[in-house]
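The values are calculated or read from the model by the stated rules, or taken from the named source; none is laboratory data. This one's a predicted model, so the numbers in the text were calculated from it and none came from an experiment. Quick reminder, even Gly has a Cβ in these numbers, built from the backbone with ideal geometry, and neighbours come from all protein chains shown. Please note that ligands, DNA and RNA were not included when accessible areas were found on the heavy atoms of the full protein model with its side chains. Shrake-Rupley method; radii C 1.70, N 1.55, O 1.52, S 1.80 Å.
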Amino acid sequence: MTFIYEPAEDSYLLASIIPKYAKNKSVLDVGAGSGILAETAQNAGAKSVLAVDINRESIKIIKKKKIKAINSSLFEKVKDKFDIILCNPPYLPEDKREDKESQRATTGGKRGDEFILKFLKQAIKHLNKKGTILILLSSLTPQKRIITLMKKQNIKYKIIASKKLFFEILEVWEINHNNL
């Protein structure tokens, strides 16, 4: 059985924001997991929803929910541009005690920011001119390289929601092109 990230506080925080953004928009959910974000966008009246995940089991689950889904490593098989790109990425620094299957869903790389950096480098090419990226980050994720990359890409961010947990603070970042 392949590990699929079950929705938790981070998923629910990001999902709570989606209805304010998704109505009549084209939405891409990257690293869709259980499909909670794609499903929330669809239920909020999105014009179209596409979910992508590297895990074939996730794709099967999402398709059962009548949501278009493709097996892809990040944007590898994504051709279009979207109004909204959603991502609840693996964002934790590597913990050698965690098993490999679980790490795929939770660990963002050795430092914790590598997945997000890779995502942002690719995402901007798939974002419509006035589009928005909604991404979840943790206070446990190093953010210096992420912010430096966004400056280089001429994109800006603002924190639009946060939730304090006992060991971290979760944040939803809204990311847009700087020229808006």
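Report in % the part of the accessible area of segment 1-97 that belongs to carbon and sulfur, leaving out ligands and nucleic acids; probe 1.4 Å. Could you put the intermediate results ahead of the total?
Details: 2530 of 4920 Å².
Here it works out to 51 percent.
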In terms of the alpha carbon gyration tensor, root eigenvalues a ≥ b ≥ c, rounded if a/c is under 1.5 and otherwise prolate when a/b exceeds b/c or oblate, segment 56-180 is oblate
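Mind checking the per residue accessible area of the chain for me, 1.4 Å probe, whole number of Å²?
Values: 9410 Å² over 180 residues.
Ligands and nucleic acids excluded, the figure is 52 Å² per residue.
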What distance in nm separates the simple spin-label points at Lys163 and Lys125, each placed 7 Å from Cα in the Cβ direction?
3.3 nm
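Assuming a ≥ b ≥ c are the square roots of the Cα gyration tensor eigenvalues, decide whether segment 71-125 counts as rounded (a/c under 1.5), prolate (otherwise, with a/b larger than b/c) or oblate. Write out the running numbers ahead of the final one.
Numbers: a/c = 2.83, a/b = 2.10, b/c = 1.35.
It is prolate, given that a/c is not under 1.5 and a/b is the larger ratio.
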Could you pull out which residues in segment 24-46 have an amide N less than 13 Å from a spot 7 Å beyond the Cα of Ile54, following the Cα-Cβ vector?
31-33
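Could you give the length gained on full extension between Leu140 and Asn43, defined as 0.36 nm per residue of separation minus the Cα-Cα distance, in nm? Don't jump to the answer; show the numbers that get you there.
Values: separation 97, 0.36 × 97 = 34.92 nm, distance 3.11 nm.
That pair, Leu140 and Asn43, stretches by 31.8 nm at full extension.
Determine the relative contact order of segment 76-127: mean sequence separation of Cα pairs under 8 Å and six or more apart, normalised by residue count, in whole percent.
Details: 58 pairs, mean separation 22.1, N = 52.
Computed over segment 76-127, the figure is 43 percent.
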Which order do Arg56, Arg145 take when ranked by solvent-accessible area (1.4 Å probe, heavy atoms of all protein chains), largest first?
Arg56, Arg145
Below 8 Å between Cα atoms, with a sequence gap of 6+, how large is the relative contact order for segment 23-180 in percent?
18 percent
Beyond 25 Å, what percent of the Cα pairs of segment 1-112 remain?
18 percent
Give the distance, in whole Å, between the Cα centre of segment 21-59 and the Cα centre of segment 69-124.
15 Å
